Structure formats: structure tokens, C-alpha cells
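Here is the structure we will look at.
The values are calculated or read from the model by the stated rules, or taken from the named source; none is laboratory data. None of the values given here were measured: they were computed from a predicted structure. Here Cβ is always computed from backbone atoms with ideal geometry, including for glycine, and neighbour counts include all displayed protein chains. Only protein heavy atoms, including side chains, enter the accessible area calculation; ligands, DNA and RNA are left aside. Shrake-Rupley method; radii C 1.70, N 1.55, O 1.52, S 1.80 Å.
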Amino acid sequence: MKFFIYFKKVGEKMFPFAAIAWLLVQALPYFLFDIFFWLIIIFINFQYKNMVKTEIQLFGTRRLSARRLTLMSTLIGMLAGFLGSFIMIVLGVSVSNTGFGFVWIVALALALINVRFVCFAYAGGLVALFSLIFGIPQVAVPDLMALVAILHLMESILILVSGHHFALPVYVEHENSKNEDSKLVGGFSLQKFWPIPLIVLGATIIPKPENMAQLITMPDWWPLIKPRVDLLPGQEYLYQMFPLVAALGYGDLSITSQPKQKSRKTALHLAGFSLLLLALAVASSHFYPLCFLAALFAPIGHELVIWYGLKSEWGGKPIYGKEDRGVKVLDVIENTTAAQFGFNPGDLILRVNNQEVNTGFELEEALRSAAGYLWFDVRDFQGNEKQYEGWYREFELKKFGLLLAPEGGERFYMKIQKTPPWKVLWQKFRTRFFPGGMNKSGKI
């Protein structure tokens, strides 16, 4: 991709927003011929197929479509890539010396500990700290931290827009369950993956850039991320645009709130982390000692966002658990009779044709005995009394289209990992190197 942006002091000239936006639009077709872009899409499709298999295993029915999820993720990811590219160009973030290859290697190594550590906040922070302390690898820490911040800012936007769509209903072991016979409650697994095609900047020093074609002059405040280079007389700093493919993933669990509320809260927390890290990255390019603070904040700040989100699920009250009376609806399958009746997740079914129901078995028996014209007395998520009615001539609850909250005895369920990551690392280290155990003083 042969296009250059040339930084030059030109007084009060405005930033060429329209020209940059048009160049980004022209660059999008390049990714259709990028093998790595398609490999990421194949990987995302594989993850969504696993989600569909999990749903069939849990409920015996398929509500999701892997092909549909992959297509939606790809389209939304391309829009996010456009926005992220625009922000990086406005800030003047160069990936030339960010050690992106080292970041990928560290991220894959961290995946051996826990798959959720495949995140540039952890890997980028570690690479930056090694560079600052040991001098290897030599990376531009402000640019690397800005890249991490912008990717997470894009992730927060993606979570806000689509993180709650097609949430996977699951059964989860939870200590605050009201059901004495079982600690299982209903919830939703929020999992999303997006391919992110980016147009990034690579910086280089060349003499007499005025002789080169396709140059765009920039205002004197640009770039906000200042390069740490000493130019000789006649030299200028030149930025070249080129395509780069990234991938973002989101994994969360909604037990004490509805999926949309949960994803909105997570998105706001992640956006706050991203903006703080971005501010530190810009400031550190002007005052280099702040690089240490930015490198530390990347993994610690991200872990605090994860920890705070899980804390609300540990200590909060589940909303899809067994009630004292009635049958709680966990989810409603699209294009079924239940959806046509108007059922929603969180509804509490009290009666069917004036017959009280308190278990899934009683509900199914009521459907069999009253098949024909049905009316349901329901209390919705907000506590309002409603009545749904219509015709139904089948006799199976699965065909009706309701997925119910667990009542005890379910075979497949999830467990929430409560152990902090530093304890997980310590446990793995102790098991690997001290299999015989250690006493309280730390001696073998």
C-alpha cells in the first residue's frame, strides 16, 4: 500500500479528516486478499460452532447459528477497525517500534496459563516493562501502550453495541442460590469474537521528503504521540500507512443482571480503563518516566476491570434461579410459539389455564392437558402481572420454545473461577517445582 503521511510544521492548518477517511475506505478491499484475515474469520467461526454445540448439550436444541454470528462479527469488526485506524492516525501512533511480534509471542505463552490472558494488556505491559528494565526488546513504549489502549477502546465499543446479542443461556454453580437442593442458577455466557482490520502507521526517517509523491502535510500539533528521535539537518520523520489484522474477543457471565445491562456496565468500565491508559501513553511520550506507570497500569488496570466484573457475580443475587412458587423462564427461542405469545427472559410463570405450576414437569403436564387455547398468568422481570394467551396444539415444552431456569439435578453446568490470577500462577509454580509441598516458612 503505497501512501505516505508527512509530518510538517504548517501553522494553523486543519487536520485533513476527510482525506484520511477516504484513504481508509479505499484500503478496506485490501483485507479481502489477506490470508491472515480469513484465518481469523475461520477461527471465529470455529468458536461459535463450539457455542452452538454447548447449547445443544445443555438444552437439546439449537438457538444460535454459527454462520450468522460469524457474519455479524465480521461486519461489525470491520467498522470498528475503520474507527480504530482513524483514531491511531489522528494520534500519530506508529507500530514500527512497538515490538508487536514479541507481544504476540508473550500473549500465546500466557495462554498456556489461562486462555483469558491472551490479551495485549497483559502481554503488552510485560513487553514494555522488560524493555524499560532490561533494555530488551527495544520498543517505543508510548506507541505500544497507545496501541493497546485503542484496541481496548474499540473492544468496549463493540461490547456496548453487540456484546449482549445472542447470549448463550447456561447453568452456573453459584453460592447465593436460593435453592437449598441445588446451588445451580441460570445465567448467560456472553462470548463474542471480532476480526479487526486496521490501517496503521509505520515511521521512518528519510531525507528531502518533498521530492516524494503522494504527501499530505499535517498540522503542527501532530502527532500527539511524540517520537523519541534526534533528526539530523535535512531529515524528516515520515509515516507510511499499511494494513494490519488484529482480533478481539469478549467473555463474560451475566447472572445477577440481564445480558444487556451486564455488557453495558463492562463496556463502560473497559472504556474508562482504555482512556486512562491512552492518556498515560500520550503523556509518557512527552515525559518519559511515565512509561513505567503506563506499562504497569496496562495489566493491573485490565485485571481490576475483570475482577470487579466477577465480584458482582460472586456477591450479587442471581435473577434466574428457582423461586418459591412458579417457574422461571431463562430464555425464549426465536420463531417459536412462546416467542409469539410474548414471553421474555426473567418471566415467572404462575398458572396455565388457572392451574398452578411450580416445576418444569408441572408446566409440561399443564401444556399436555390443556393443549389448544392457552393462557398464562405471568409476573415479568419488573414484577408486573401479565397474561399471555393463544393457540398451541403440541405437547412438548421444547417445541413450545421456553428454556427454564435450573431446578436441581441438571447434569451440565459451569463453575465461576474465583481464584485471582496471581494465586493461579503461584499454585502452578508450586505444583511444578515443589510437588511435595512447602511449610508456612516457605521451606520444602
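For a quick check of your reading of the model, give me the residue pairs whose first member lies in the range 136-164 and is free of Cβ contacts under 8 Å to residues at least 40 places away in the same chain, whose second is part of a helix (DSSP H, G or I) and among the aromatic types (F, W, Y), with beta-carbon atoms closer than 7 Å and at least 6 apart or on different chains. Sorted first by the residue in the range 136-164, then by its partner, the pairs are I136/F130; P137/F102. The number of residues in the range 224-257 that are in contact with a strand residue (DSSP E or B) (Cβ under 8 Å, 6 or more places away or on another chain) and either more than 30 Å from L69 (Cα to Cα) or modelled with pLDDT under 70 (or both) comes to 12. For the range 19-36, the set of residues classified as open to solvent by less than 40 Å² (accessible area, probe 1.4 Å) and either closer than 14 Å to G84 by Cβ or without any contact (Cβ under 8 Å) to a residue 40 or more places away in the chain (or both) consists of I20, A21, L24, A27, F31, listed by residue number. Check the range 261-272 and report whether any residue there is farther than 22 Å from G163 by Cα, open to solvent by 50 Å² or more (accessible area, probe 1.4 Å), assigned to a helix (DSSP H, G or I) and aliphatic (A, V, I, L, M). No. Just the residues that are hydroxyl-bearing (S, T, Y) and more than 21 Å from M154 (Cα to Cα), please, taken from the range 274-329. Scanning the range 274-329 gives S284, S285, Y288, S312, Y320. The residue that is nearest to T337 (Cα to Cα), counting only those in the range 385-396 that are open to solvent by 40 Å² or more (accessible area, probe 1.4 Å) and part of a strand (DSSP E or B), is W391. The C-beta contact set for the range 85-96 (first residue surrounded by fewer than 24 Cβ atoms within 10 Å (Cβ to Cβ), second residue at pLDDT 90 or above and of a type in the set (D, E), distance under 9 angstrom, 6+ apart or interchain) comprises V95/D143; S96/D143.
Residues of the range 37-58 that are in contact (Cβ under 8 Å) with a residue 60 or more places away in the chain and open to solvent by 70 Å² or more (accessible area, probe 1.4 Å): F43, Q57. The residue of the range 345-363 that is least open to solvent (accessible area, probe 1.4 Å), among those that are among the polar types (S, T, N, Q) and farther than 22 Å from H174 by Cβ, is N353. Within the range 366-382, being out of contact with any strand residue (DSSP E or B) (no Cβ under 9 Å at 6 or more places or on another chain) and under 22 Å from Y320 (Cα atoms) holds for one residue alone: Q382.
Yes/no matrix, rows are residues, columns are (1) under 17 Å from A405 (Cβ atoms); (2) of a type in the set (S, T, Y); (3) without any contact (Cβ under 8 Å) to a residue 60 or more places away in the chain; (4) open to solvent by 40 Å² or more (accessible area, probe 1.4 Å):
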| residue | (1), (2), (3), (4) |
| --- | --- |
| L278 | no, no, no, no |
| F292 | no, no, no, yes |
| T337 | no, yes, no, no |
| E365 | no, no, yes, yes |
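V170 falls short of the stated requirement of being β-branched (V, I, T), at pLDDT below 90, under 29 Å from W222 (Cβ atoms) and buried (at least 17 other Cβ atoms within 10 Å of the Cβ). Within the range 59-84, residues that are over 30 Å from E407 (Cβ atoms) and in contact (Cβ under 8 Å) with a residue 60 or more places away in the chain have Cβ atoms under 6 Å from residues that are assigned to a helix (DSSP H, G or I) and small (G, A, S) in these pairs: I76/S162, counting only partners at least 6 apart in sequence or on another chain. Residue count for the range 367-384 satisfying the condition of being crowded, with 18+ Cβ neighbours inside 10 Å and of a type outside the set (V, I, T): 5.
Can you confirm whether K262 is more than 30 Å from D380 (Cβ to Cβ) and at pLDDT 80 or above? So K262 fails the test. Taking the range 295-339 as the range and being part of a loop (DSSP other than H, G, I, E, B), modelled with pLDDT of 85 or more and among the charged types (D, E, K, R) as the test, only R325 passes.
Of all the listed residues (A140, A121, A128), the sole one being under 18 Å from the mean Cα position of the chain (by Cα), crowded, with 24+ Cβ neighbours inside 10 Å and among the aliphatic types (A, V, I, L, M) is A121.
Per-residue answers, yes or no, for (1) among the aliphatic types (A, V, I, L, M); (2) modelled with pLDDT of 90 or more:
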site: G99; (1), (2): no, no
site: L112; (1), (2): yes, no
site: R116; (1), (2): no, no
site: F120; (1), (2): no, no
site: L126; (1), (2): yes, yes
site: I136; (1), (2): yes, no
site: L144; (1), (2): yes, yes
site: L147; (1), (2): yes, yes
site: I159; (1), (2): yes, yes
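Can you pull out every residue in the range 181-223 that is at pLDDT 75 or above, part of a strand (DSSP E or B), open to solvent by 50 Å² or more (accessible area, probe 1.4 Å) and not β-branched (V, I, T)? Selection gives Q191 alone. Scanning the range 340-363 for residues that are farther than 16 Å from L403 by Cα and in a loop (DSSP other than H, G, I, E, B) yields a total of 2.
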